[in-house]
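Chemist: Below you'll find the structure I mean.
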Amino acid sequence: PDADAEADLVVIGAGPGGYTAAFRAADLGLNVTLVERDPNLGGVCLNVGCIPSKALLHAAKVIDEAAAMSGHGIAFPKPEIDIDRLRAWKSDVVGKLTGGLTGLAKRRKVKIVRGSAAFEGGNLVRVSHAGDEKTIAFKQAIIACGSEPVRLPFLPDDDRIIDSTGALELADIPKRMLVLGGGIIGLEMAQVYHALGAGITIVELMDQIIPGADRDIVAPLMKRIEQRYENVLLKTKVTKVQSEKAGMRVTFEGSEGTGEELFDKILSAVGRRPNGRLIGAEKAGISVDEGGFIRVDRQMRTSRENIFAIGDVVGQPMLAHKAAHEGKVAAEVAAGQKSAFDARAIPSVAYTEPEVGWVGLTENEARSKGIAYRKASFPWAASGRALAMAGSDGVSKLLFDPDSGRVLGAGICGPNAGELLAEVALAIEMGADAEDLSLTIHPHPTLSETIGLAAEIFEGTITDL
Ligand code: FAD
């Protein structure tokens, strides 16, 4: 009664989790208010994540593929890069999508409130924007406040040190860039900057890039970037960064000893941390762990019955498709349906060249948990389509239950690995076995055949490649 506004459901954050939840809840008849602190809807994914990075990666791919053709009889002149137009095109792609969301919200009568939301209690949020404050009373709420880049404490305050958001702004192309972190985001951005002319050094603490994926799946990418980049340093730590006029002096400590080097730019891509501690959750009686993650059950409910949480803020993997699926579940439960999040597998993809993707069980996970499996790998050197598109170093690996032949997981490296992974994700969800895949007629010549052929290898119907 004392609140400035009321809603059946308040959703905090308009990323892929939040907008999916808000739209679904509105479609199910709830009166929904969506609170977003940024001027545009879409969250990290649309504004400074998945979408702008894929636009720039597409540009990088065109440049790299054109260069690669010079060895096969088609030589292009060195590309002329107009960075302002490239940036404008990327912003245009983002703008089309975020603008589209505003239209979708309007059609569903989802009320959008601009500002930063914080709980005042179990049924009340306060929204602050540009000095203005207002309260919204709600029956139920969904927290979808996402995550932000981790900032290493020893990095100096210097404009030449950027995170993924800064990298996507594409302010300029440095001569020499250090990428801190050999995970998906660091490797994707490295690919873009390299194609646009920067010399790249990657430094990674672990003993392989993309530590979440199996080593054999990452190997073709590793081999290519070792040729392409100035340096790929594994098992190496950056211990000091000093700002100097000529650049940033970086001290490395690793298996190959200690060294110092000068870089024009540093991209810090060492991970993301959830925003769970920034929304006054304690005032609503919601428990948030030390790292800022909010714990939820399979219906996406927090420790408080009427408040749900979804997306990056509830845990790994921090991926847009996971956030969206969780958002749908939370909205349906809020509307009284009996939904639950019970995905058997969530695919992960690095959209590098070549792409690296995995879904379901990995060999690393199977070994560490003692899960029995048998694997079958189809090398892309035996795929006509892969050869015809310079992807012959790729591999499609499937993991099967040794007794039933059920598909447990897959790792794929090569062009379009992300697209190919969808077939295996479906196979896992449907409890398909090797025979289901091998008896499915895949179009020829496509990369998708490598999935059916890996299943045939498992069945023993192909023995000699
Ligand atoms: P977010 O997208 O983080 O959205 C949260 C929203 O909440 C933000 O808009 C924020 O402004 C708002 N907010 C936060 N606190 C408040 C508050 N108190 N009040 C009001 N609003 C608030 N994932 C993929 O699946 N595929 C990819 O290719 C991919 N590429 C990526 C590339 C980069 C460079 C980065 C950084 C991320 C990428 N991701 C990718 C990850 C993906 O962006 C996230 O997993 C996804 O955006 C998470 O969605 P979310 O809804 O949980 O939160």
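Only the coordinates and a few stated rules stand behind these numbers; no lab work does. Quantities reported herein were computed from a predicted structural model and do not represent experimental measurements. Please note: Cβ atoms are built from the backbone with ideal geometry, for glycine as well, and neighbour counts cover all protein chains shown.
Chemist: Going by what's in this entry, would Ile142 be described as within 16 Å of the ligand (Cβ to nearest atom), in contact with a Phe, Trp or Tyr (Cβ under 9 Å, 6 or more places away or on another chain), assigned to a strand (DSSP E or B) and of a type outside the set (Ser, Thr, Tyr)?
Modeler: yes
Chemist: Would you point out which residue out of Ala67, Ala55, Ala59 is within 25 Å of Glu188 (Cβ to Cβ) and surrounded by fewer than 16 Cβ atoms within 10 Å (Cβ to Cβ)? Walk me through it before giving the result.
Modeler: Details: Ala55 fails: surrounded by fewer than 16 Cβ atoms within 10 Å (Cβ to Cβ); Ala59 fails: surrounded by fewer than 16 Cβ atoms within 10 Å (Cβ to Cβ).
Of the residues listed, the single one that is within 25 Å of Glu188 (Cβ to Cβ) and surrounded by fewer than 16 Cβ atoms within 10 Å (Cβ to Cβ) is Ala67.
Chemist: How many residues are in a loop (DSSP other than H, G, I, E, B) and surrounded by 19 or more Cβ atoms within 10 Å (Cβ to Cβ) if we restrict to the range 293-307? Break it down into steps so the answer makes sense when it comes.
Modeler: First, pick out the residues of the range 293-307 that are in a loop (DSSP other than H, G, I, E, B): 293, 295-300, 302-306.
Of the ones still in play, those that are also surrounded by 19 or more Cβ atoms within 10 Å (Cβ to Cβ) are 293, 296, 300, 302.
Adding up the residues that qualify gives 4.
Chemist: Okay, next question. Of the conditions (1) surrounded by 15 or more Cβ atoms within 10 Å (Cβ to Cβ); (2) out of contact with any Gly (no Cβ under 6 Å at 6 or more places or on another chain), Ile441 satisfies every one except a single condition; which number is it?
Modeler: Going through (1) surrounded by 15 or more Cβ atoms within 10 Å (Cβ to Cβ); (2) out of contact with any Gly (no Cβ under 6 Å at 6 or more places or on another chain) one by one, Ile441 breaks only (1).
Rundown of residues vs (1) hydroxyl-bearing (Ser, Thr, Tyr); (2) more than 30 Å from Ile279 (Cβ to Cβ); (3) in contact with a Pro (Cβ under 9 Å, 6 or more places away or on another chain), yes/no style:
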residue: Gly18; (1), (2), (3): no, no, no
residue: Ala25; (1), (2), (3): no, no, no
residue: Leu28; (1), (2), (3): no, no, no
residue: Glu36; (1), (2), (3): no, no, no
residue: Ser53; (1), (2), (3): yes, no, no
residue: Ala59; (1), (2), (3): no, yes, no
residue: Ser70; (1), (2), (3): yes, yes, no
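Chemist: Considering Glu204, Glu169, which residue is within 16 Å of the ligand (Cβ to nearest atom) and among the acidic types (Asp, Glu)?
Modeler: Numbers: Glu204 fails: within 16 Å of the ligand (Cβ to nearest atom).
Just a single option satisfies the conditions, and that option is Glu169.
Chemist: Residues of the range 181-201 being of a type in the set (Gly, Ala, Ser) and either within 14 Å of the chain's Cα centre (by Cα) or away from the ligand (no atom under 13 Å from the Cβ) (or both), which ones? Spell out the reasoning first.
Modeler: Filtering the range 181-201 down to residues of a type in the set (Gly, Ala, Ser) leaves 181-183, 186, 190, 195, 197-199.
Answer for the range 181-201, where residues must be of a type in the set (Gly, Ala, Ser) and either within 14 Å of the chain's Cα centre (by Cα) or away from the ligand (no atom under 13 Å from the Cβ) (or both): Gly182, Gly183, Gly186, Ala195, Gly197, Ala198, Gly199.
Chemist: Between residues in the range 275-286 that are closer than 15 Å to Phe138 by Cα and residues that are in a helix (DSSP H, G or I), which pairs lie under 8 Å by C-beta distance while being six or more apart or on different chains?
Modeler: Between residues of the range 275-286 that are closer than 15 Å to Phe138 by Cα and residues that are in a helix (DSSP H, G or I), there is no close pair.
Chemist: Output the number of the condition that Thr165 fails; it satisfies all remaining conditions of (1) buried (at least 16 other Cβ atoms within 10 Å of the Cβ); (2) of a type in the set (Ser, Thr, Tyr); (3) within 20 Å of Ala55 (Cα to Cα).
Modeler: (1)
Chemist: Consider the range 445-461. How many of its residues are farther than 18 Å from Arg406 by Cα and not in a helix (DSSP H, G or I)? Write out each step before concluding.
Modeler: First, pick out the residues of the range 445-461 that are farther than 18 Å from Arg406 by Cα: 445-449.
Next, from what is left, pick out any that are not in a helix (DSSP H, G or I): 445-448.
Result for the range 445-461: 4.
Chemist: State whether one or more residues within the range 131-139 are more than 30 Å from Met177 (Cβ to Cβ), among the basic types (Lys, Arg), within 14 Å of the ligand (Cβ to nearest atom) and surrounded by fewer than 16 Cβ atoms within 10 Å (Cβ to Cβ). Break it down stepwise before answering.
Modeler: Just the residues of the range 131-139 that are more than 30 Å from Met177 (Cβ to Cβ), to begin with: 131-139.
Filter once more, keeping what is among the basic types (Lys, Arg): 134, 139.
Imposing the further condition that a residue be within 14 Å of the ligand (Cβ to nearest atom) reduces the set to 134.
Subsequent filtering for residues that are surrounded by fewer than 16 Cβ atoms within 10 Å (Cβ to Cβ) retains 134.
Yes; the residues of the range 131-139 include at least one that is more than 30 Å from Met177 (Cβ to Cβ), among the basic types (Lys, Arg), within 14 Å of the ligand (Cβ to nearest atom) and surrounded by fewer than 16 Cβ atoms within 10 Å (Cβ to Cβ).
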